[in-house]
1. If amide hydrogens are placed 1.01 Å from N in the peptide plane, which non-local residues have theirs closer than 5 Å to the one on C:PHE37?
2. Normalise the Debye intensity by I(0) for segment B:264-364, one equal point scatterer per Cα, no solvent, then take log10 at q = 0.11, 0.17, 0.21, 0.22 Å⁻¹ and round to two decimals.
3. When the dipole is taken about the Cα centre of the protein assembly as shown, and only Lys, Arg (+1) and Asp, Glu (-1) are charged at their Cβ, what size is it in debye, to the nearest 20?
4. Using a 1.4 Å probe on the protein heavy atoms only, what accessible surface does B:GLU233 show? Give it in Å² to the nearest 10.
5. Put one equal scatterer on each alpha carbon of segment B:11-82, apply the Debye formula with no solvent term, and list log10 I(q)/I(0) at q = 0.12, 0.17, 0.26 1/Å to two decimals.
6. Decide, for segment C:49-152, between rounded, prolate and oblate: order the square roots of the alpha carbon gyration tensor eigenvalues as a ≥ b ≥ c, take rounded if a/c falls under 1.5, and otherwise choose prolate if a/b is larger than b/c, else oblate.
7. For segment A:21-145, would you read off the P(r) tail past 23 Å as a percentage of all alpha carbon pairs?
8. Out of residues 5 or more away from A:PHE174 or on other chains, whose amide H comes under 5 Å of its own, with H placed 1.01 Å from N in the peptide plane?
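The values are calculated or read from the model by the stated rules, or taken from the named source; none is laboratory data. Fair warning: this is a prediction, and the values are worked out from it, not measured in the lab. Glycine also receives a Cβ, built like all others from the backbone with ideal geometry; neighbour counts cover every protein chain displayed. Note: areas computed on protein heavy atoms with side chains; ligands, DNA, RNA excluded. Shrake-Rupley method; radii C 1.70, N 1.55, O 1.52, S 1.80 Å.
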Amino acid sequence: MSDLPLLKVNNLSKFYGSRIGCKDVSFELWPGEVLAIVGESGSGKTTLLNCLSTRLLPSTGSVTYRMRDETYRDLYHMNEAERRFLMRTDWGFVHQNPADGLRMSVSAGANVGERLMAVGDRNYGRIRQTAADWLSRVEIAEDRIDDQPRSFSGGMRQRLQIARNLVTSPRLVFMDEPTGGLDVSVQARLLDLLRGLVNDLGLAAIVVTHDLAVARLLSHRMMVMKDGHVIEQGLTDRVLDDPRERYTQLLVSSILQV
Amino acid sequence: MYVAVKGGETAIANAHRLLADRRRGDRNLPAITIEQLIEQLGLGVDRVMAEASLFDRSLAALALKQSRGDMIEAIFLLRAYRTTLPRFGTSKPVETGSMQVERRVSATYKDLPGGQLLGPTFDYTHRLLDPSLLEDGMVDQAVERPGTPDHVMRVSDILDGEGLIEPDGEMPEDHVAGDLTREPMEFPMQRDLRLQALARGDEGFLLALAYSTQRGYGRTHPFVGEIRMGLVEVELEVPELGFTVSLGEIRVTECQMVNQFKGSAKAPPQFTRGYGLVFGQSERKAMAMSLVDRALRADEFGEDRLAPAQDEEFVISHCDNVQATGFVEHLKLPHYVDFQAELDLVRRMRARHAAEMNRDIDKEAAE
Amino acid sequence: MSELAAYNFAYLDEQTKRMIRRAILKAIAIPGYQVPFASREMPMPYGWGTGGVQVTASIIGPDDVLKVIDQGADDTTNAVSIRAFFQKVAEVAVTTHTGEATIIQTRHRIPEETLKEGQVLVYQVPIPEPLRFLEPRETETRKMHALEEYGLMHVKLYEDIARHGRIATTYAYPVKVHGRYVMDPSPTPKFDNPKMHRSEALQLFGAGREKRIYAVPPHTDVVSLDFEDHPFEIQTFDKPCALCGANHVYLDEIVLDDGGKRMFVCSDTDFCETRRAEGHTGEMLAPSQEAAE
């Protein structure tokens, strides 16, 4: 494994008119590292995620990514074709609402297989086998392969979305409140599964969440955001056990009294 | 012995002959004249001109007669004629501010410079069938308001004076108004092309969309700033002559819809506008057009685009009734080659299904 | 109103023809790419061949020989109507013989007789966008073509196989042209797809209502989309044509009586008639054929 960062973020800012979305964010993400971005709603964490994943153009700053050929590319200087290719091969994006990331009227198998077909796999049997393998990895019974996600529970849909993203072995996955809409018991199972997959596959991930328990369970490192600024960052255990900023202390004390 | 069906040619000729016969109807009655249509079914003629984008009453009336009163068919006839006409130039924008108004109402002011002028309207008539029209009775001469001014101020100008309403849209200096009947259409569209599409769009479709915005599918909080109908001059600038030439007068209906707008990150609170302009007298169409125009500007004001009336591709791609009727009606053309292919597939799949069922039954029996 | 009757050769004015020819040239230069063009209002309804008619009107000259077919037949009403239109506005020679035609306008079929160099096949296209029913938005589908994002197309085929055990698309079967653009061959049965591949004839596609023209130049690769383990295959018929005895041709099913009796005959009427003239007979054809006519 390379000892160079996968992603380098430099002074990233996004303004909406005079309002700040996020301001002067800089960090590096390493291969296999999971970074959690926490904060309450309106803190700018989703804006930041959208900028990082090129779904939104920042006002200033740069993000460079180490491609599979080891060259660093500025994401905002790539053309759309390159960017879209990157997004469906080397990256994944897990939406809070699985309906945003799935094709709801297409079978589970095709949902997982789509990325393979998009990059040129033309063997039906192989695509189907790979889809079946991935369904079992995310604990969806194989006989549901021809069912549409409409007939799936919320937790199953979310697991299907994860499988759909991971099938091309991406190196970086963005997640926006991945456990957001789920019941507590379902959340726990999903988190468990996610943690396993991230470990097994050596994935790097950037996870946006308002839930410090998610950050604790999944991430190595975390950033706390408030009013568009990163006010504290560090190893997850350190930040949660020994928060330095007043705001972080407040967050931790108000939520983690379990 | 099988002989394949032949004689398409004769069948078509005979069908068209029958059509002409039905069009003429009872030969004991006098044939309807173009002049009668223009004079007595004028609003029908207006609609044909508006949606065919060609201002010519005689041709529109002819089309209406030829189509036996089928509006869309008449529009189609006139459009197919229009498309072959050479283009001499582009007229200057008509100045509706100098309209010789025959009707002018505003819902936003009780009274205003130039006054409210009801004109020839169905409004406030009681919709009771009038038996006197069964006969050719005497009709009183109309009374006219003396001394209507030649320039009636537009309501939008009154609001504009205070900066309360967005000004007339501005296009870049070198912008030439688009023409979707001559240039390929591309999305997203400029507003001039969008307005052109709406102006020739189907009255019923636009009416339904406009109605949907009032019922919550893309609300625009509208007020009728002003509706005016009357004669405007069409002028053409002739570069060779160095001055503009008047080509004549046409009757148009204009609607300026004033819409509440709370402002956004980009713009302060201000009234916005939806615009409608159609050939002839058609208030319904002008109003519907202005509501849909405003709804389609959602992006400009940072509004969420969720409702059908706000969806440019949806609205513009489907508002043309000549396109719509052609494609819907083409389903009656023979499709038997494709149907044969589907038939074959369904038979094969059913056969396979039956075979599998039988196999399962056999298997169960064997067990 | 007497000037009403004065129309240009082949109906369209020369300016319009030039505009359409420019679009055709661009389409030929980028095989399979849908070129937007300013489609005109035509004197026949949208969806009834206005695109094909505009293409034909723009390329036809006084020396051309025109053939018009619908469902493979020269005598279907719409084919008759379009042929009559060109006879009226262009006074060109018309034929029903595939081999004699320089321009063949078609709806839903490709003639059985192999087309030759110098011939032009003009297709009437209702919906030119092969991705349309997977993605309704024009802005998005154009982007997908530009970026060659065709995964979705295979998703559709995958779903077919998953559900039906086979690819259940029987007509308007998508093809890839010259290794680049995915193209809708118009609603021809997939039986005809192989005829497009490296054809000697120029193939032009006109969609009037949707305002698109596209083309397959002569000798261009046209490959039907499929999977390695579920290769593209065309329809087959169990029996030969009941009239001319031809095999390996596309057949129409003709219902003969209320009792479900049916027979299968060539959809390409010219092909069938030519074969019969050459003395081939099928099972339904009595030897006293001439007498019956």
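1. Amide H to amide H, under 5 Å and 5 or more residues apart or across chains, C:PHE37 pairs with C:ARG212, C:ILE213.
2. The computed values of log10 I(q)/I(0) come out as -0.64, -0.93, -1.12, -1.16.
3. Details: 107 positive and 135 negative charges, 281 e Å.
Dipole magnitude for the protein assembly as shown comes out near 1340 debye.
4. Probe radius 1.4 Å; accessible area of B:GLU233 about 100 Å².
5. After summing over all Cα pairs, the log10 values are -0.32, -0.62, -1.10.
6. Values: a/c = 2.31, a/b = 2.17, b/c = 1.06.
In terms of gyration-tensor shape, prolate.
7. On the way: 3546 of 7750 pairs.
Pairs farther apart than 23 Å: 46 percent.
8. When sequence neighbours closer than 5 places are left aside, the close amide H contacts are A:GLY92, A:PHE93, A:VAL94, A:ILE206.
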